[in-house]
Amino acid sequence: MADIPQIEEILEEIEGHEGVHEVFLVTRSGMYVAGKLPKGVERETYASMFAVLLGSADTATSQMKEAMQGVTVHLRDSKLVVLGDGPKALFVLRVGDDVGVRRLQEILGPYSARLEEHL
């Protein structure tokens, strides 16, 4: 069973990094695990769509000879980035326009192992 309080604490640490506005965790099958969602969204539907989005992108790029790193959705004032967190979960982050995927991977790297322990 997931240790939700510990996961929430780790996600709050991630949100403390410059440019990271919100972060939540979703299982690869699309179940919401923990973290902050935008106000007014239906939690299960919103969370599951990111697993579908990443899965679809993975299928679409599966024949290419490059590994997919994630999916980025550009919004007017920010962007949503979906990145894998090991075999069980996905990070979904709302970040500033100037935050790149490589920078996010640097930020998230140390947290992945800690999160894996609590999933």
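What follows draws every value from the coordinates through simple rules; no lab data is involved. Quick caveat, the model's predicted, so the values are computed rather than measured. Cβ coordinates were reconstructed from backbone atoms using ideal geometry, including for glycine residues, and neighbour counts include every protein chain displayed.
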Task: Estimated vicinal HN-Hα couplings, Hz - segment 61-68 in sequence order (Karplus 6.51, -1.76, 1.60; Gly, Pro = x) - done: 9, 4, 8, 7, 8, 10, 6, 6
Open item on the list: I'd like the Karplus ³J(HN,Hα) series for segment 41-51: coefficients 6.51, -1.76, 1.60, θ = phi - 60°, whole numbers in Hz, and an x wherever there's a Gly or Pro.
Closed with: 8, 7, 3, 5, 5, 4, 5, 5, 5, 6, 5
TODO: Convert each backbone phi in segment 112-117 into a coupling constant with the Karplus relation 6.51 cos²θ - 1.76 cosθ + 1.60 (shift: θ = phi - 60°), then list the ³J(HN,Hα) values in order as whole Hz, x for Gly and Pro.
DONE: 4, 5, 5, 5, 4, 4
Task: Among (i) 1.62; (ii) 1.00; (iii) 1.09, the entry derived from the coordinates for Cα Rg over 2.2 N^0.38 Å - done: (ii)
Task: For a label point 7 Å along the Cα-to-beta-carbon line of Glu106, residues of segment 5-43 with backbone N under 15 Å - done: 17-20
- [ ] Would you grab the residues whose amide H sits under 5 Å from the one on Glu22? Only those 5+ places off in sequence or on another chain, please, with H modelled 1.01 Å from N.
- [x] Arg94
Open item on the list: Give me Rg/Rg_expected for segment 20-70, where Rg uses Cα atoms only and Rg_expected = 2.2 N^0.38 Å with N residues.
Closed with: 1.29
Task: 13 Å beta-carbon shell around Pro110, net charge (K/R +1, D/E -1) - done: -4
Open item on the list: Could you order the peptides 22-28, 110-116, 92-98, 56-62 from most to least packed, using the average number of other C-beta atoms within 10 Å per residue?
Closed with: 22-28, 92-98, 110-116, 56-62
Task: Under 5 Å, built H, 5+ apart or other chain: amide partners of Asp85 - done: Leu90, Phe91
